[in-house]
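Below is one structure, written out as structure tokens; comments come after it.
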Amino acid sequence: MAYSHMDFLRLALDEARKCTPSPTAFCVGCVITATYPPNSSKSTILSRGYSRELPGNTHAEANALAKARSLTQDELAALFPDAPRPIDIDTLLTHADIYTTMEPCSVRTSGLAPCADAVIAARIKRCFIGVGEPDDFVKCEGAQKLKDAGVEVIWLDGLEKECLEVARMGREQ
């Protein structure tokens, strides 16, 4: 089955729904796909993540990237059977797209590295975003930061309301 960009964003929303709600943080989901080897026509899901999934007040994009980097050669070979061996995760990420229900953060009040920085460092080529981060906690400039670093930013229309509702789960509106 071929997935559309909206299908991948819906999968990211499924991830966001797994979050434990917090009064001081958003519930965000993320899916990383890769088309590899480069001549392949099929996008394969590399990893998924959601806010606070891993220990340490973690965000969805950082968790999905950590999970992608933890894949073994056998797991990567199963996902990308036509790719030359060994498969280098850093090379693979340069052929990846990231789908996130909310704009990657550009500021972390916790002192941890912002997600926009992690996406840039991974050299991911495109970032698909469901909704901009509202100014509930900080002024976010993640999309602009990504653009300035050469990442193509694509705002997907149609799920903004749902992305925001899920992001604010457990909080008084």
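The values are calculated or read from the model by the stated rules, or taken from the named source; none is laboratory data. Note that this is a predicted model, so its numbers are computed, not measured. Don't worry about glycine lacking a Cβ; one is built from the backbone with ideal geometry, like all the others, and counts go over all protein chains shown. Heads up: the accessible areas ignore ligands, DNA and RNA and are worked out on the full protein's heavy atoms, side chains in. Shrake-Rupley method; radii C 1.70, N 1.55, O 1.52, S 1.80 Å.
Observations on the model:
- For the range 45-96, taking the reciprocal of the average inverse distance between every pair of different Cα atoms yields a Kirkwood hydrodynamic radius of 11.6 Å.
- In this structure the amide hydrogen of residue 154, modeled in the peptide plane, comes within under 5 Å of the amide hydrogens of 127, 128, 129, none closer than 5 places in sequence on its chain.
- Choice from 152, 75, 15 with maximal GNM fluctuation in the chain (Cα, 10 Å cutoff): 75
- Unsatisfied cross-links (Cα-Cα over 18 Å) in the set 67/161; 42/145; 18/147; 18/67: 67/161; 42/145; 18/147
- Sum of -39500 (n - 2.57) over DSSP H runs of 4+, divided by residues of the chain (222 nm, nearest 500): -8500 deg cm²/dmol
- 3J(HN,Hα) along the range 51-59, derived from phi through the Karplus expression 6.51 cos²θ - 1.76 cosθ + 1.60 where θ = phi - 60°, amounts to 4, 6, 5, 9, x, x, 6, 8, 9 Hz, with x in place of Gly and Pro.
- Across the protein chains, with a 1.4 Å probe defining accessible surface, the residues 4, 47 rank 4, 47 from largest area downward.
- Put a dot 7 Å past the Cα of residue 73, heading toward its Cβ, do the same for residue 160, and the two dots end up 4.8 nm apart.
- Among beta bridges that DSSP assigns inside the range 22-134, antiparallel share in %, nearest 5: 75
- For residue 85 and residue 18, a Förster radius of 25 Å and the Cβ-Cβ distance give a FRET efficiency of 0.15, rounded to the nearest 0.05.
- Å² of accessible area per residue within the chain, as computed with a 1.4 Å probe and no ligands counted: 48
- Projected label distance in nm at residue 147 and residue 40, using a 7 Å step from Cα toward the beta-carbon: 3.1
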